[in-house]
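Derivation of every value follows stated rules applied to the coordinates shown; laboratory data play no part. Nothing here was measured: the structure is a model prediction, and the numbers come from that model. Cβ: placed from backbone, ideal geometry, glycine included. Neighbour counts: every protein chain shown.
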Amino acid sequence: MRAIVFDQPGDESVLHIGEVDPPPLVSGAIRIRVHATAVNRADLLQRQGLYPPPPGASPILGMECAGEVIEVASDVRGWRTGDRAMALLPGGGYAEEAVVDAGSAMHVPDALSWDEAGAMPEVFLTAYLNVFELARAKRGETLLIHGGGSGVGTAGTTLAKLAGLKVIVTAGSKEKCDRCVAHGADMAINYRQEDFVERAHGTDIILDHIGAEYLARDLRALGVGGRVVIIGMMGGPGRVEIDVGSLLANRQQIIGSTLRARSKEEKAGIVARFLQRFGEDLRAGRVRPVIDRVFPLEKAAEAHRRMKTNEHFGKIVLRVA
């Protein structure tokens, strides 16, 4: 099968189309003929040799996909050949076929195109896990999302508004701030020109992919009982000093979270609970990703360059079939 491969870590130019063996079907899994996948920040890190896949995962890039089910393991129920599936992957999405644990897959509703379905699982499950399960968001609370124009940011805004939260986002330009508000955010803060601590003071939950660079300010922005969930280190690895006395007095929580390395059982549980809460919205088309641009699979390097510029809004899709 065709797949995007690279012989050694490096910049976007190392990516190229290659022929690889299809992954073997294993117990509890389904095989998907991939129609679309999407670029995530982790793909760029893996390409550079900075984020290896979990043990046992495909070394091929791609943490989500959508396509037609073409093979079903004998012990799997609820799936049959010909079904439309979208799936959360530990790797392997930039290819013509992907094998995924059935618990990490969802049926694609009629409301979603292949491109939308291929861009949906990673960001919406990330947003759901961190905002609703780990941070325990409740109707009426305020959520601050850093990077409101990103895939996770737009997905988080969608889910939070459906759940009755007030949403504040940060973004790096007036254009992105305007688009975030048009997408549903109640307030957008241009972090290049304004202090988010002052504008978002008293917020209940912060979803932060920047990491150490923002943590001290996140805690100052949080109100009493506030929770900050750190899901990345885009600001680079580092250490930060925090005021523990203030943390205790305000009963605040710092939560670290990743999704990719979780066990298949954990992921199956997250998928099931997401569908229980937002499945009706998904089927009705109220849960759908924002698509920035669609590239053919062979243009994966160009898609990575697009993400590196940080000029995109929403998801960058690779069309495979």
Computed about the Cα centre, the charge dipole of the range 1-156 from +1 Lys/Arg and -1 Asp/Glu charges at the Cβ has a magnitude in debye, to the nearest 20, of 540 debye
By the mean-Cβ-within-10 Å protection proxy, highest first, 55-62, 71-78 rank as 55-62, 71-78
Listed residues Ala105, Ala249, Ala29; largest mean-square fluctuation, Gaussian network over the chain with Cα springs below 10 Å, found at Ala249
Summing -39500 (n - 2.57) over every DSSP H run of at least 4 in the chain, dividing by its residue total and rounding to the nearest 500, the 222 nm mean residue ellipticity is -8000 deg cm²/dmol
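If you place +1 on the Cβ of every Lys and Arg and -1 on the Cβ of every Asp and Glu, how big does the dipole about the Cα centre of the range 124-256 come out, in debye to the nearest 20? Write down the numbers at each step before the final one.
Details: 15 positive and 14 negative charges, 57 e Å.
Using Cβ point charges on Lys, Arg, Asp and Glu, the range 124-256 gives about 280 debye.
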Scoring only Lys, Arg, Asp and Glu (+1, +1, -1, -1) among other residues with Cβ under 12 Å from the Cβ of Gly62 yields -3
Once Lys and Arg are counted +1 and Asp and Glu -1 for all other residues with Cβ under 14 Å from that of Asp83, the total becomes +2
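Mind scanning Lys161/Lys299; Lys267/Lys315; Lys174/Lys308; Lys166/Lys264; Lys138/Lys308; Lys138/Lys315 and naming the pairs with a C-alpha gap bigger than 30 Å?
Numbers: Lys161/Lys299 34 Å; Lys267/Lys315 22 Å; Lys174/Lys308 19 Å; Lys166/Lys264 32 Å; Lys138/Lys308 34 Å; Lys138/Lys315 27 Å.
Among Lys161/Lys299; Lys267/Lys315; Lys174/Lys308; Lys166/Lys264; Lys138/Lys308; Lys138/Lys315, the Cα-Cα distance tops 30 Å for Lys161/Lys299; Lys166/Lys264; Lys138/Lys308.
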Which of (1) 33, 21, 18; (2) 46, 26, 15; (3) 37, 23, 18 gives semi-axes √(5λ) of the Cα gyration tensor in Å as computed here? It is (1)
One would report the antiparallel percent of DSSP beta bridges in the chain, rounded to the nearest 5, as 55 percent
